[in-house]
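The values are calculated or read from the model by the stated rules, or taken from the named source; none is laboratory data. Small disclaimer: the values here were computed from a predicted structure and weren't measured. Reconstructed Cβ throughout: ideal geometry from the backbone, glycine too, with neighbour counts over all protein chains shown.
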Amino acid sequence: MLLAQLNNNYIQKKQKLIQFLRKMIQKVTMYQAVCDGCGRPCAEPYGFTAWATPESASIAAWESGWMTINHELYCPDCVEVDEEMDSYKPKEKKQ
Ligand SMILES: [Zn+2]
C-alpha cells in the first residue's frame, strides 16, 4: 500500500516536471551552411551544428575554410587551386 502510494507520488511529480519543461522549452529555427559541391552541412566536430542567423552560419563556414566562388559556397574538400587564375575553383564533380 505504502509502496503503491510512493509510486503514484513519483509519477505525479514526473508528469508535473514534464509539463513544466514543455512550458520553458520551445522549438526554434536555426541555420547551417551547406556545400554546393557535396551537400555536406558545415558543422564544428565538437561544437555548434547550427546558428541563429544565415549570416552567422556563413561566417562560421568561412572561418572553417569554406569559400564562396561565383555566389556558391564550397567546403575545403570541394575546391582546388586554379593555377591559371591564381585562385581557387570548384573541383570537377566525379560521376
Ligand atoms: Zn563539399
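One residue alone among LYS27, LYS23 is outside any helix (DSSP H, G or I) and of a type in the set (Lys, Arg), and that residue is LYS27. Contact map, the stretch 1-24: first residue without any contact (Cβ under 8 Å) to a residue 60 or more places away in the chain, second residue of a type in the set (A, V, I, L, M) and assigned to a helix (DSSP H, G or I), Cβ cut-off under 8 Å, separation 6 or more or different chains; the map is empty. The set of residues in the stretch 45-95 that are of a type in the set (Phe, Trp, Tyr) and more than 15 Å from the ligand (Cβ to nearest atom) comprises TYR46, PHE48, TRP51. Once the stretch 1-16 is narrowed to residues that are at pLDDT below 90 and among the aliphatic types (A, V, I, L, M), the residue that is farthest from the ligand (Cβ to nearest atom) is MET1. Which number in (1) of a type outside the set (A, V, I, L, M); (2) away from the ligand (no atom under 16 Å from the Cβ); (3) without any contact (Cβ under 8 Å) to a residue 24 or more places away in the chain marks the one condition that TYR31 misses? Answer for TYR31: the failing condition is (3). Across the stretch 33-64, the number of residues qualifying as at pLDDT 95 or above, assigned to a loop (DSSP other than H, G, I, E, B) and either surrounded by 16 or more Cβ atoms within 10 Å (Cβ to Cβ) or touching a Pro at 6+ places or on another chain (Cβ under 9 Å) (or both) comes to 4.
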